[in-house]
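Structure first, then comments.
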Amino acid sequence: MKAMVLEKFGGIEYLHMTEMATPALAEGEVLIRIAYAGVNPVDWKIREGYLKDMIPHDFPIILGWDVAGTVMKVGKNVENLRIGDEVFSYIRKPIVKWGAYAEFVAFTAADVVRKPKNLTLAQAGALPLVSLTAWQALFDFAHVKRGETVLIQGGSGGVGSMAIQFAKWAGAKVIATASTKKHDYIKSLGADVAIDYHEDFESRIEKVDLVFDCVGGEAFTKSLPCLKRGGRIVSILEQMDPAQAKRLGIEASYVFVRPNGAQLATIADLIEKGHVKPPHIEEMRLDEAGKAQEKLKAGNVLGKIVLKVS
Ligand SMILES: NC(=O)c1ccc[n+]([C@@H]2O[C@H](COP(=O)([O-])OP(=O)(O)OC[C@H]3O[C@@H](n4cnc5c(N)ncnc54)[C@H](OP(=O)(O)O)[C@@H]3O)[C@@H](O)[C@H]2O)c1
């Protein structure tokens, strides 16, 4: 199969198109012909070696954890999917090796889900990682409730754009940060209040029950005074010292998203019923993967980039 592979950690010059063996199919797995691969910040973070001590890997690496495509083969003991189904999935494996920037991937069928009928494969390829991240942060960790006020830091990003919609669907009031040029976009997703993060807003917004931090660093620190006493902060970047959280009288948690077919099926259902819409997407070619990563890293993307594979 054709694949975009990474030969060693470093710049985009270490990414190149080549031929690789099609992955073998194990029991409980399906083989997916990938139509679109989603691009996420973690892709360039892995390429540049930032996560090399945290994530087991084996070169050459095929990057990419988001796919939409068609089931081509079904392994033994797979009951939820058939050949020809159009599916989407967050395909992170314990070892980073066989990813989404390729024609085929084999993955655990239980975590592969039929794509929402009202989405194109391109739209579906943008969704699994960011929507599962937002879902797990808001519901598994922060337990957001109807009537609560939530501050979403990084509301215009892939994760933030799904988090705004999930929090609204759950009945919360949403304050979201983004640069001013993206305020119309985050309001179109349901944000009640749009804040430009370049301003000092901490003292002038109402105190919130929950912060969802999708930015980290200074944005995380500046979020703390926005919380009510007893409030919760959930971050996908920062792990707070529990002693500090206790001193401040808040609950803090860190989330690292996991594949979850049942949650992805629920998200697909919300999309089909019109409660949630996909983020804005930009299509590029598979051989432009390096360019796509650079564009994402520079912050020049509205919504998500997907790579057209086949
Ligand atoms: N732990 C996990 O499981 C997990 C899962 C997914 C993602 N992540 C991480 O979470 C981060 C966000 O992911 P993503 O996919 O949403 O990224 P993304 O699509 O690249 O979005 C980042 C967004 O942040 C905005 N932004 C930049 N600086 C900001 C600030 N100080 N305050 C508020 N917004 C700011 C940018 O928009 P503007 O143009 O408005 O600046 C951009 O839209 C990445 O670092 C990613 O690696 C972690």
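The values are calculated or read from the model by the stated rules, or taken from the named source; none is laboratory data. Keep in mind it's a predicted model, so treat the numbers as computed, not measured. Cβ atoms come from the backbone with ideal geometry, glycine included; neighbour counts cover every protein chain shown.
When segment 212-244 is filtered for residues that are on the phi > 0 side of the Ramachandran plot and either more than 16 Å from the chain's Cα centre (by Cα) or crowded, with 18+ Cβ neighbours inside 10 Å (or both), the ones remaining, listed by number, are Gly217, Gly230. When you check Met17 against the structure, is it in a strand (DSSP E or B), at negative phi and of a type outside the set (Ser, Thr, Tyr), yes or no? So Met17 fits the description; yes.
Restricting the search to strands (runs of 3 or more DSSP E) fully inside segment 85-199 and requiring at least 2 residues that are more than 25 Å from Asp209 (Cβ to Cβ) gives 86-90, 104-108, 112-114.
For segment 215-263, the set of residues classified as assigned to a strand (DSSP E or B) and within 16 Å of the ligand (Cβ to nearest atom) consists of Ile233, Val234, Ser235, Ala252, Ser253, Tyr254, listed by residue number. Exactly one residue out of Val113, Val87 is in the same structural domain as Arg33 (by TED's automatic domain parsing) and touching a residue at least 60 places away in the same chain (Cβ under 8 Å), and it is Val113.
Select from segment 267-281 the residues that are surrounded by 15 or more Cβ atoms within 10 Å (Cβ to Cβ) and either closer than 17 Å to Ala170 by Cβ or of a type in the set (Lys, Arg) (or both) and list them in ascending order. Answer for segment 267-281, where residues must be surrounded by 15 or more Cβ atoms within 10 Å (Cβ to Cβ) and either closer than 17 Å to Ala170 by Cβ or of a type in the set (Lys, Arg) (or both): Ile267, Leu270, Ile271, Val276, Lys277.
From the list Val87, Val42, Val5, the one residue that fits, being closer than 23 Å to Leu307 by Cα, within 16 Å of the ligand (Cβ to nearest atom) and under 22 Å from the mean Cα position of the chain (by Cα), is Val42. Of all residue pairs spaced 6 or more apart or on separate chains, those with beta-carbon atoms under 8 Å, a first member in segment 257-271 that is closer than 14 Å to Leu138 by Cα and a second member that is modelled with pLDDT of 95 or more and of a type in the set (Gly, Ala, Ser) are Ile267/Ser131.
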